[in-house]
Amino acid sequence: MHVLIAPDSFGDTMSAVVAATAIARGWAEARPGDTLVLAPQSDGGPGFVDVLAARFGTLVTADVHGPLGAGVTARWLFDDASSTAYVECAQACGLHQLGGRPTPRTAVAATTHGVGELVAAALARGARRLVVGLGGSSTTDGGAGLVDALGGPERVRERLAGIEIVVASDVENPLLGPLGAATVFGPQKGADPDTVELLEERLTEWSATLNGLARRDITADAGAGAAGGLGAALIALGGRRVSGATVVAEATDLTADVAAADLVITGEGKFDSQTLRGKVVSALHHAASTAGASGAGARTLVLAGQVALSAAEIEEAGIAGAHAIVDVAGSVEVAMNDAENQLVKLAETVAGSYPAHWGKRTSE
C-alpha cells in the first residue's frame with residue numbers, strides 16, 4: 001500500500017514530527033513492503049513551525065521575552081521565495097514556557113510581548129507576509145503585549161502597513177462573553193472564577209483600543225478569542241483568520257499526498273468528539289474520503305494517545321479504525337512517560353493485524 005502518515009502533535013508528549021516518525025518506524029517493521037510518506041500536521045498550535053520546516057523554508061532563532069518576562073529562544077520560519085514568515089505564538093508564550101503549572105497569578109501576568117518581538121524580527125528580515133499560528137498559549141492579554149512590542153497602538157499600524165497577515169487558528173471563539181477567551185480558555189491557563197472575571201474586564205477595556213485600530217467592532221469575529229485574544233489583535237491589524245490545518249495542508253501540498261494514498265494514518269493525543277469538529281484529524285479524513293489513489297477515497301486510520309469515542313461513533317464518522325497507545329502500554333502513566341516507543345509498538349501491532357489488502361477501497 002501507499003501509506004500517508006500525517007498526525008497532529010500528541011499534546012505535550014510528542015510533536016507531530018516525532019509522532020510521524022514513530023508511526024513510520026512501527027508500521028515498517030510489520031509491513032516493510034508499504035510505501036510510507038511522512039507529512040506531520042498542525043492546526044497552528046505547538047509544533048506549527050517545526051511541521052512546516054520539515055518541508056520547506058529556513059528556520060530562524062530569536063531571543064525574546066517569554067510569557068513571564070524571562071528570556072526564551074524561539075524559532076520561526078522564513079520562506080525566501082514568497083517573503084513569508086511563519087510565527088508560532090507558543091514558541092514565545094506557550095504554557096510550557098511558564099516553568100511550572102499555570103496559576104491565577106500566571107494567568108494574569110502572562111504576556112504576548114515575545115510574539116511581537118518575533119514579528120519584529122520577521123519584518124527586519126524582509127517579510128511581506130506574516131502567518132501567525134495560534135494555540136497553546138498561556139496568555140489572556142488580548143494581544144496587548146504584541147502591540148506594545150511593536151511600538152504601541154500609535155506605531156503598530158504604521159509598522160504593519162502593506163503586510164499581509166494570516167491568523168492561523170481553528171479556534172472560532174469570539175473575544176468576549178460566555179464563549180470568549182477568558183471564560184472558555186482562562187481556566188485552562190490557571191484562572192480561577194475571580195481571575196476569569198478580572199481577565200474578562202481587562203479584555204473588555206482593551207477591546208476599545210482594538211476596535212479603534214480596526215475602525216470597527218471586532219470582538220465578535222470568529223477566532224478573535226484565539227490564544228487569549230491574540231487573534232483579536234491580529235484581526236484588528238488587518239489579519240484574516242484561516243484554518244491552521246488548512247494553512248499547513250496548503251503549504252505542504254497535502255492534497256497531492258492524499259491523492260496518492262491508499263491509506264491515511266493520522267492521530268493526536270486524545271481522539272474525542274472535539275476531534276471531529278474541524279481539527280487536523282477530521283480535515284484529513286474528509287480529504288482522504290474524497291481522494292485517494294483508487295479514485296474512490298482512501299481509508300483513514302487513527303492512532304491516538306487515548307480514544308474516547310465508542311466503536312459506533314467511530315464507524316458513523318467513517319473512520320476505518322481507531323487505536324490507543326494506552327491499550328498497548330498497559331497504563332496511562334507508561335503511555336505518557338514512554339509515548340514515542342509505545343506509539344512505535346502500537347503502529348507495529350496495528351499494521352501486523354491487517355491483511356495485505358487492508359486500506360484499499362474496492363468497488364463494493
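Values for this structure:
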{"quantity": "Neighbourhood charge, 14 Å Cβ-Cβ cut-off, centred on Glu117 and excluding it, Lys, Arg +1 and Asp, Glu -1", "calculated": "0"}
{"quantity": "Expected 222 nm ellipticity per residue - DSSP helices of 4 or more, -39500 (n - 2.57), all of the chain, to 500", "calculated": "-11000 deg cm²/dmol"}
{"quantity": "Hydrodynamic radius of the chain per Kirkwood, over alpha carbon pairs, in Å", "calculated": "20.9 Å"}
{"quantity": "Net charge, Asp257 excluded, C-beta distance under 14 Å - Lys, Arg +1, Asp, Glu -1", "calculated": "-2"}
{"quantity": "For segment 1-46 and segment 157-174, distance of Cα centres in Å", "calculated": "30 Å"}
{"quantity": "Accessible area expressed per residue, the chain, with surrounding protein chains retained (probe 1.4 Å, Å²)", "calculated": "41 Å²"}
{"quantity": "Expected-Rg normalisation [2.2 N^0.38 Å, Cα atoms] applied to segment 15-77", "calculated": "1.47"}
{"quantity": "Residue (of Pro67, Val17, Pro46) at the positive-pole extreme of segment 1-71, dipole from beta-carbon charges", "calculated": "Val17"}
{"quantity": "Rg to Rh quotient for segment 115-244, alpha carbon positions, Kirkwood Rh", "calculated": "0.95"}
{"quantity": "Normalised convex hull volume, segment 28-113, alpha-carbon set, Å³ per residue", "calculated": "145 Å³"}
{"quantity": "Net charge of Cβ neighbours under 9 Å - reference Gly57; Lys, Arg +1; Asp, Glu -1", "calculated": "-1"}
{"quantity": "Portion, in percent, of the accessible area of the chain that falls on carbon or sulfur, probe 1.4 Å", "calculated": "49 percent"}
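The values are calculated or read from the model by the stated rules, or taken from the named source; none is laboratory data. Small disclaimer: the values here were computed from a predicted structure and weren't measured. Neighbour counts are summed over all protein chains in view; Cβ atoms, including those assigned to glycine, are modelled from backbone coordinates with ideal geometry. These accessible areas exclude ligands, DNA and RNA; they are computed on the full protein's heavy atoms, side chains included. Shrake-Rupley method; radii C 1.70, N 1.55, O 1.52, S 1.80 Å.
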